[in-house]
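Engineer: Here you go, one structure.
The values are calculated or read from the model by the stated rules, or taken from the named source; none is laboratory data. Keep in mind the model is a prediction, meaning the values are calculated, not measured. Neighbour counts are summed over all protein chains in view; Cβ atoms, including those assigned to glycine, are modelled from backbone coordinates with ideal geometry.
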Amino acid sequence: MKNKEVADILDEIADYLEMQDVKWKPQAYRKAARNVENLSESVEELYEEEQLQDLDGVGENIAEKIIEYLETGKLEYLQELKQDIPVDIEALTAVEGLGPRKVKEIYEARKVTDLDELEEAAESGEIADIEGFGEKTEENILKHIEIARRGQDRMLLGKAYPIAEELRSGLEKSDNFDRVKFVGSFRRKRPTVGDIDVLATSNNPGEAMEEFAGREDVIEVLGSGQTKSSILISGDLQVDLRIVSETSFGAALQYFTGSKDHNVGLRTLAVEKGLKLNEYGLFDSEENKLAGETENSVYSNLQLDFIEPELRERTGEIEAAAKGKIPDLVEKEDIKGDLQMHTDYSDGKASMREMAEKAESSGLEYILITDHVKALDIADGIDEKALIKQAERIDELNEELEIEILKGIEANITGEGLDISRDKLKELDIVLASLHGRINSPTEKIIKVFRDYPVDIFAHPLNRKINSRKGLDIDLDKIIKVAAEEKVALEINSQPERLDLPWREIKEYREDVKFVVSTDAHSAFELSYMHLGVAQARRGWCSKEEVLNTRPLEGLRSYFE
DNA sequence: GCCGTTTTCGGCCCGACTGTTTTCAGTCG
């Protein structure tokens, strides 16, 4: 899968063209880059099937360049562009406030090509002297160069959540704020967020902005105006606040939630209908406002069903909404049980009782205990003897507690099969299998395990870790075909750094296979991650029917039998 | 460079904010 790689190349071309003040081409390259990046299949596949030009924004020229890069690993055109202005464009534009044009001017005036040279030039006062630059720009460069150097990863959604909630409760308590809503990728529940966007209404915009910029956790105020402010809070997390009027709150909510591509699609549709859509509302050709107070009114006036924020990624949601084909998405309240968690029998921190009581208090009807098998060296696993003891303990707790505790295990897919015997598995209610290390020909091994063992759930299928580990290179088409035949459900793992199966794959396969959403909790607190997994199921267009643990216990059992 | 049931040529999103300017360009989202 070289989608990200190809997208980066196209973005780099756009940067260089922008430096040279070329018109329109940069946008064309960026559009193509976004569409390659957002592909659900691999760009290599499109190339092999000679379908690159079917992609919106990819014409003859860009297709040729993609082909050259895929075939040779290089791109002559980009090399040439680089020769004219040999700078590390990616690193330099990562400095807040520096874009391609300024990078070019700094290069031409001071021969700065990378972050070290930039720092040197700024420290010795050589930047402020460049025409069009000044003291402030130089200061800002010095202030932001360290952040650029750290090459910040986007923050995990699960990590941003508590920060965002605290922020919201603070703003909601204040008299300066009336309505407070999250927008942007946080509202769309993308697995990672670049910043947190907040939309608000206020009777006192000036004071509201002042209060926002004066918060205790503010490290730096990046900008502050009448309607828009940006701050940097602890952990290098940027928070943007926009204050809008009550009458256009819905339109602003729609606009700032994005995604950008979704909005482009909506605006195009508006234009086709002779209307105009912006962050202030939906207008007809005489500038009469047709909608804007609520988000719903914007969609309904475009003759569209309401589109949930999680779906707004331009993967066909606008077309579906026009035909009334948006699925009724699964909700966290639909979830009746949690089918992966670890206890102090293996590497979990809490006892079974603690886990069960916490799950019960959050309204679940059943849980599945899935400690690791001992053979797995990454965790302090459970052996067969302890498994018997655990089963007895589960029986005891089931006598005592309302919630039903099911017996399970997370078995490891090894080179030879599973690291636990078939006989042992038969004594369990539900069996999870997963991959941890790397093995040779994983696709075949996984399929063999599905065929040979009574596996019910394939846990965290790609075994990816966001920002640190790429997913396994496995053939999901083949695996899911067998999973469907053997009634193996695919897990949507709710751990913030996993969120695996990822949403694009969920969307692609949701008609072929069933899913379960589980927390994989290793502590009682982590049981609260369920909403993160549900959000990814929603991003994957899943309805309640496609998620097995929305069923009451009997329904779940009957599926796996 | 891409795209088109109004076009194969002429459009391509645009407003807020900052810093540097005396009216605007660059950046960001």
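Engineer: If you go through the stretch A:519-561, how many residues are part of a loop (DSSP other than H, G, I, E, B), buried (at least 19 other Cβ atoms within 10 Å of the Cβ) and free of Cβ contacts under 8 Å to residues at least 60 places away in the same chain?
Structural biologist: The number of residues fulfilling the criteria is 1.
Engineer: May I ask you to say which residue of A:Asp197, A:Asp178 is within 11 Å of DNA strand B (Cβ to nearest atom) and either more than 26 Å from the chain's Cα centre (by Cα) or not assigned by TED's automatic domain parsing to the domain that holds A:Tyr529 (or both)?
Structural biologist: Of A:Asp197, A:Asp178, the one residue that is within 11 Å of DNA strand B (Cβ to nearest atom) and either more than 26 Å from the chain's Cα centre (by Cα) or not assigned by TED's automatic domain parsing to the domain that holds A:Tyr529 (or both) is A:Asp197.
Engineer: Of the residues that make up the stretch A:376-396, is at least one modelled with pLDDT of 95 or more, within 21 Å of A:Asn493 (Cβ to Cβ), among the β-branched types (Val, Ile, Thr) and part of a loop (DSSP other than H, G, I, E, B)?
Structural biologist: Within the stretch A:376-396, not a single residue is modelled with pLDDT of 95 or more, within 21 Å of A:Asn493 (Cβ to Cβ), among the β-branched types (Val, Ile, Thr) and part of a loop (DSSP other than H, G, I, E, B).
Engineer: Among the numbered criteria (1) over 26 Å from the mean Cα position of the chain (by Cα); (2) surrounded by fewer than 16 Cβ atoms within 10 Å (Cβ to Cβ); (3) among the small types (Gly, Ala, Ser), which single criterion is violated by A:Ser346?
Structural biologist: (2)
Engineer: Pull out all pairs, ordered by first then second residue, where Cβ-Cβ is under 6 Å, the residues are six or more apart or on different chains, the first lies in the stretch A:219-245 and is within 13 Å of A:Val198 (Cα to Cα), and the second is among the basic types (Lys, Arg) and within 7 Å of DNA strand B (Cβ to nearest atom).
Structural biologist: Close Cβ pairs satisfying both conditions: A:Arg242/A:Lys228.
Engineer: While we're on this one: In the stretch A:92-117, which residue that is in a helix (DSSP H, G or I) and in contact with an Asp or Glu (Cβ under 6 Å, 6 or more places away or on another chain) is farthest from DNA strand B (Cβ to nearest atom)?
Structural biologist: A:Arg110
Engineer: Consider A:Phe186 carefully, then state whether it is away from DNA strand B (no atom under 15 Å from the Cβ) and without any contact (Cβ under 8 Å) to a residue 40 or more places away in the chain.
Structural biologist: no
Engineer: On to the next question. Please pick out the residue among A:Leu304, A:Leu290, A:Leu282 that is buried (at least 16 other Cβ atoms within 10 Å of the Cβ) and more than 30 Å from the chain's Cα centre (by Cα).
Structural biologist: A:Leu290
Engineer: Looking at (1) at pLDDT 90 or above; (2) in contact with a strand residue (DSSP E or B) (Cβ under 7 Å, 6 or more places away or on another chain); (3) farther than 30 Å from A:Asn35 by Cα, which one does A:Ser234 not meet, given that it meets all the others?
Structural biologist: Tallying (1) at pLDDT 90 or above; (2) in contact with a strand residue (DSSP E or B) (Cβ under 7 Å, 6 or more places away or on another chain); (3) farther than 30 Å from A:Asn35 by Cα, A:Ser234 fails exactly one: (1).
Engineer: Let me ask another. Among the residues of the stretch A:314-327, what is the count of those that are at pLDDT 90 or above and either among the hydrophobic types (A, V, I, L, M, F, W, C) or closer than 22 Å to A:Pro191 by Cβ (or both)?
Structural biologist: Number satisfying all stated conditions: 7.
Engineer: Oh, and also: Would you please name the residue that is farthest from A:Leu266 (Cα to Cα), looking only at residues in the stretch A:198-235 that are surrounded by 14 or more Cβ atoms within 10 Å (Cβ to Cβ) and among the acidic types (Asp, Glu)?
Structural biologist: A:Asp217
Engineer: Another question, then. Hey, among A:Glu286, A:Glu293, A:Glu216, A:Glu313, which residue is away from DNA strand B (no atom under 15 Å from the Cβ), in contact with a Gly (Cβ under 8 Å, 6 or more places away or on another chain) and not in a helix (DSSP H, G or I)?
Structural biologist: The match here is A:Glu293.
Engineer: Taking helices (runs of 4 or more DSSP H) that fall entirely within the stretch A:29-84, which contain at least 1 residues that are under 30 Å from A:Tyr107 (Cα atoms)?
Structural biologist: By residue number, A:60-72, A:76-84.
Engineer: Next question, about the same structure. Which members of the stretch A:5-26 meet the condition of being more than 10 Å from DNA strand B (Cβ to nearest atom), charged (D, E, K, R) and out of contact with any helix residue (DSSP H, G or I) (no Cβ under 6 Å at 6 or more places or on another chain)?
Structural biologist: If the condition is that a residue be more than 10 Å from DNA strand B (Cβ to nearest atom), charged (D, E, K, R) and out of contact with any helix residue (DSSP H, G or I) (no Cβ under 6 Å at 6 or more places or on another chain), then A:Glu5, A:Asp8, A:Glu12 are the ones that fit.
Engineer: Further question: If you take the residues of the stretch A:27-53 that are under 26 Å from the mean Cα position of the chain (by Cα) and near DNA strand B (Cβ under 10 Å from one of its atoms), which of them is modelled with the lowest pLDDT?
Structural biologist: A:Asn35
Residue-wise test of (1) buried (at least 19 other Cβ atoms within 10 Å of the Cβ); (2) in contact with an Asp or Glu (Cβ under 7 Å, 6 or more places away or on another chain); (3) in a helix (DSSP H, G or I); (4) in the same structural domain as A:Arg422 (by TED's automatic domain parsing).
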{"site": "A:Ile446", "(1), (2), (3), (4)": "yes, no, yes, yes"}
{"site": "A:Val449", "(1), (2), (3), (4)": "yes, no, yes, yes"}
{"site": "A:Pro454", "(1), (2), (3), (4)": "no, no, no, yes"}
{"site": "A:Asp473", "(1), (2), (3), (4)": "no, no, no, yes"}
{"site": "A:Ile480", "(1), (2), (3), (4)": "yes, yes, yes, yes"}
{"site": "A:Ala484", "(1), (2), (3), (4)": "no, yes, yes, yes"}
{"site": "A:Lys487", "(1), (2), (3), (4)": "no, no, no, yes"}
{"site": "A:Glu491", "(1), (2), (3), (4)": "yes, no, no, yes"}
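Engineer: Let me ask another. Can you give me the number of residues within the stretch A:237-280 that are in a helix (DSSP H, G or I) and of a type outside the set (Ser, Thr, Tyr)? Write out each step before concluding.
Structural biologist: The first filter runs over the stretch A:237-280 and keeps only residues in a helix (DSSP H, G or I), leaving A:246-257, A:260-272.
Now drop any that are not of a type outside the set (Ser, Thr, Tyr), which leaves A:246, A:249-254, A:256, A:260-267, A:269-272.
Within the stretch A:237-280, residues that are in a helix (DSSP H, G or I) and of a type outside the set (Ser, Thr, Tyr) number 20.
Engineer: Going by the conditions given, is A:Ala489 of a type in the set (Gly, Ala, Ser) and under 21 Å from A:Trp541 (Cβ atoms)?
Structural biologist: Yes, satisfied.
Engineer: Something else now. Is it the case that A:Val516 is in a loop (DSSP other than H, G, I, E, B) and either in the same structural domain as A:Arg538 (by TED's automatic domain parsing) or buried (at least 24 other Cβ atoms within 10 Å of the Cβ) (or both)?
Structural biologist: So A:Val516 fails the test.
Engineer: State the number of residues belonging to the stretch A:129-156 that are within 17 Å of A:Ile231 (Cα to Cα), polar (S, T, N, Q) and free of Cβ contacts under 8 Å to residues at least 60 places away in the same chain.
Structural biologist: The total comes to 1.
Conditions (1) assigned by TED's automatic domain parsing to the domain that holds A:Glu505; (2) in contact with a Phe, Trp or Tyr (Cβ under 8 Å, 6 or more places away or on another chain); (3) not small (Gly, Ala, Ser), marked per residue:
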{"residue": "A:Glu279", "(1), (2), (3)": "no, yes, yes"}
{"residue": "A:Phe283", "(1), (2), (3)": "no, no, yes"}
{"residue": "A:Asn296", "(1), (2), (3)": "no, yes, yes"}
{"residue": "A:Asn301", "(1), (2), (3)": "no, no, yes"}
{"residue": "A:Leu304", "(1), (2), (3)": "no, no, yes"}
{"residue": "A:Glu317", "(1), (2), (3)": "no, no, yes"}
{"residue": "A:Met341", "(1), (2), (3)": "yes, no, yes"}
{"residue": "A:Asp344", "(1), (2), (3)": "yes, no, yes"}
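Engineer: I'd like the residue in the stretch A:99-131 that is under 32 Å from the mean Cα position of the chain (by Cα) and buried (at least 20 other Cβ atoms within 10 Å of the Cβ) and, out of all such residues, is nearest to A:Tyr16 (Cα to Cα).
Structural biologist: A:Pro100
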